[in-house]
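Worksheet: one structure, shown below.
Read the figures in this text as sums done on the coordinates, not as results from a lab. These figures come from a predicted structure and were not determined experimentally. Every residue, glycine as well, gets a Cβ built from its backbone with ideal geometry; the counts of neighbours run over all protein chains shown.
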Amino acid sequence: MPRVVVVGGSLGGLTAALVLADVGCDVVVLERSSAALEARGAGIAVLDETVRWFAERTPTEPDELCSPTGTIRFVDADGSTVHEREHRYRFSSWNTVHRALLACFPAERYLLGREVVDLRQDADGVDVTLRSGERRRADLVVCADGIGSASRAALLPEVAPAYAGYVAWRGTVPEAELSAPTFAALRDALTYQVLPDSHVLVYPIPGPSGSLVPGERLMNLVWYRNVAAGAAFDELMTDRQGRARPVSVPPGELPAAVAERFRADVRAHLAPVIAEVGTAIAEPFLQAVFDIEVPRMAHGRICLVGDAAFAVRPHAAAGTAKAAADAWELGGQLAAHRGELGPALREWEARQLALGRALLRRNREIGDASQKHGTFRPGDPALLFGLRGPGR
Ligand SMILES: Cc1cc2nc3c(=O)[nH]c(=O)nc-3n(C[C@H](O)[C@H](O)[C@H](O)COP(=O)(O)OP(=O)(O)OC[C@H]3O[C@@H](n4cnc5c(N)ncnc54)[C@H](O)[C@@H]3O)c2cc1C
């Protein structure tokens, strides 16, 4: 089995490392961040593939990492329910899932503060060069370096991220800070509000240390709002130090006046229960929404997985599931072809290109229905989260 270097140690990279080590590869993960990646507190809706590692390879049940909800509810600006159905979802946080995956992987093979700056391949392997000048040799390099992937930019310079025309305002609030009626209204639901050319959703996620006990968790908000490309976008994506942020302005980095304007907009436009969450977010943050589509995922001995390949809009809540699916399929094909890279990567690429393209298309349709066409309808079954289609 090949010696593998995984570039990027987020959910996609770590899942790839675990799955590939499990089929017998010798794996090391190189992660650019020098601190443990604990600070990324954002909520994620969790599909089966994201937590497949736990379901199939550990005694940890996926439900131990997720806070469940039993209802999907759409509310109007005045707070009245316009649609409601029973539907079970699982929500977690990036931190909770990452911490649990990391605990399954040998610490000495997960290396922080290792930024990969160059990949050179020849017939026998790949030379991986780090910012420090250190070099490593691998038979296979799995690039899980995310939406801003430098590996993608080097391999496919013609692929440019396409800004979708809107951003996600995000943030969390401890449930304990919510009023009793708001907590009661939100605690077991994914709650949506549809606005003109926009929608917002709120759902409970585990607490900072992973608690799933209602009342000890966090309430997570995501509000999609249109921002024109150009000056308006550039101004919004400038942090409090005046630095331009191409993809996201993290918690604590928004200028105070921008955060205050966000709270004023929340008060003006959102239903009372959702507005209570939005106004209480201490450190709102921003992520711009992009479409990225690659024509190839396998490049000799180097492959792109997760957001480094296709970065899709978040509406199917399937980004981490797709990254994990890329990893599981890679492990499966390497095992099926006894580590022979050529046929394994060919078969893998054909399947994952098809998955990425279909998911990109579905998310684009949902996003455009909401942000452009006014056709995003409360209760539309096409909106159900899913990696391979609504609810699947
Ligand atoms: C608003 C919004 C909401 C979302 N909601 C959901 C949801 O509900 N459910 C869901 O499943 N997904 C959701 N997603 C998508 C999800 O966040 C991504 O799909 C997922 O994080 C991709 O994982 P990844 O491992 O491919 O990349 P990333 O998580 O971006 O990780 C890339 C890693 O690579 C490292 N890195 C980068 N460059 C280098 C380098 N040169 N050398 C070494 N390391 C490097 C980075 O530090 C980082 O740790 C959402 C996204 C957005 C924007």
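Using a simple spin-label model with points 7 Å from Cα along the Cα→Cβ vector, what separation in nm is obtained for K372 and R346?
Here the modelled spin labels are 3.7 nm apart.
What residues from the range 171-187 fall in the zone where the backbone N is under 16 Å from a label point 7 Å along the Cα-to-C-beta line of R88?
In the range 171-187, the label zone of R88 (backbone N under 16 Å from the point 7 Å along Cα→Cβ) covers no residue.
Run the paramagnetic zone check for R296: 7 angstrom along Cα to Cβ, then residues of the range 344-384 with backbone nitrogen under 12 Å.
Within reach of a label on R296: 346.
Please get the size of the charge dipole for the range 252-358, origin at its Cα centre, with Cβ charges of +1 on Lys and Arg and -1 on Asp and Glu, quoted in debye to the nearest 20.
Numbers: 11 positive and 13 negative charges, 52 e Å.
So the dipole magnitude of the range 252-358 works out to roughly 260 debye.
By count of other Cβ within 10 Å, fewest leading, how are C104, C303, C25 ordered? Don't skip to the answer; put the middle values down first.
Details: C104 16, C303 27, C25 24.
Listed from fewest to most nearby Cβ atoms, that is C104, C25, C303.
Apply 1/(1 + (r/R0)^6) to the Cβ-Cβ distance of S132 and T71, taking R0 = 35 Å, and write down the FRET efficiency to the nearest 0.05.
0.10
Explain nothing, just the number: relative contact order of the range 194-298, from Cα pairs under 8 Å at least 6 residues apart, as a whole percent.
Working: 104 pairs, mean separation 21.4, N = 105.
In percent, rounded to a whole number, it is 20.
Between T81 and E177, what length in nm is gained on full extension when 0.36 nm per residue of separation is reduced by their alpha carbon distance? Walk me through the intermediate numbers first.
On the way: separation 96, 0.36 × 96 = 34.56 nm, distance 2.33 nm.
Between T81 and E177, full extension yields 32.2 nm more.
Let's test the formula: R0 of 45 Å, r as the Cβ-Cβ distance of E61 and R261. What FRET efficiency results, to the nearest 0.05?
So, using R0 = 45 Å, E works out to roughly 0.60.
Using a Förster distance of 30 angstrom, determine the FRET efficiency expected from the C-beta separation of D197 and R99, and round it to 0.05. Numbers along the way, then the final one.
On the way: r = 37 Å, r/R0 = 1.23.
After rounding to 0.05, the efficiency reads 0.20.
Where both partners of a DSSP beta bridge lie in the chain, what percent of those bridges are antiparallel, to the nearest 5? Don't skip to the end; give the middle numbers.
On the way: 53 of 72 bridges.
Taking every DSSP beta bridge with both residues in the chain, the antiparallel ones total about 75 percent.
Mean separation of Cα pairs under 8 Å and 6+ residues apart, divided by the residue count of the chain: what relative contact order is that in percent? Intermediate results must be reported in sequence, preceding the final value.
Details: 833 pairs, mean separation 81.7, N = 392.
It comes to 21 percent, rounded to a whole number.
For a quick check: sort V116, V29 by the number of other beta carbons within 10 angstrom, fewest at the front. Intermediate results must be reported in sequence, preceding the final value.
Numbers: V116 22, V29 27.
If I rank by nearby Cβ atoms, fewest first, I get V116, V29.
Roughly how tilted is helix 11-22, in degrees to the nearest 10 and between 0 and 90, from the longest Cα axis of the chain?
Helix 11-22 sits roughly 40 degrees off the main axis of the chain.
How far apart, in nm, are two points set 7 Å out from the Cα along the Cα-to-Cβ line at D26 and at R392?
If labels sit at D26 and R392, their model points lie 4.1 nm apart.
Which of G319, M219, Q333 sits farthest toward the positive end of the charge dipole of the chain, with +1 on the Cβ of Lys and Arg and -1 on the Cβ of Asp and Glu?
The residue sitting farthest along the positive end of the dipole is Q333.
Taking N as the number of residues in the range 70-213, what value does Rg over Cα atoms divided by 2.2 N^0.38 Å take?
Numbers: Rg = 22.0 Å, N = 144, 2.2 N^0.38 = 14.5 Å.
Normalised Cα radius of gyration, the range 70-213: 1.51.
In units of 2.2 N^0.38 Å, what is the alpha-carbon radius of gyration of the range 250-327?
The reported ratio for this selection is 1.55.
Using the Cα centre of the range 263-304 as origin and beta-carbon charges of +1 (Lys, Arg) and -1 (Asp, Glu), tell me which of V289, I274, A264 is placed farthest towards the positive end of the dipole.
Value: V289.
Is the chain rounded, prolate or oblate when judged by the Cα gyration tensor, a ≥ b ≥ c being the square roots of its eigenvalues, rounded requiring a/c under 1.5 and prolate requiring a/b larger than b/c?
Numbers: a/c = 1.75, a/b = 1.60, b/c = 1.10.
Prolate, since a/c reaches 1.5 and a/b exceeds b/c.
Would you mind working out the magnitude of the charge dipole of the chain relative to its Cα centre, with +1 at each Lys and Arg C-beta and -1 at each Asp and Glu C-beta, to the nearest 20 Debye?
Details: 43 positive and 48 negative charges, 86 e Å.
Approximately 420 debye in magnitude.
How far, in degrees from 0 to 90, does helix 256-269 lean away from the longest principal axis of the Cα atoms of the chain, to the nearest 10?
Long axis of 256-269 versus the principal axis of the chain: about 60 degrees.
What distance in nm separates the simple spin-label points at A184 and L112, each placed 7 Å from Cα in the Cβ direction?
4.4 nm
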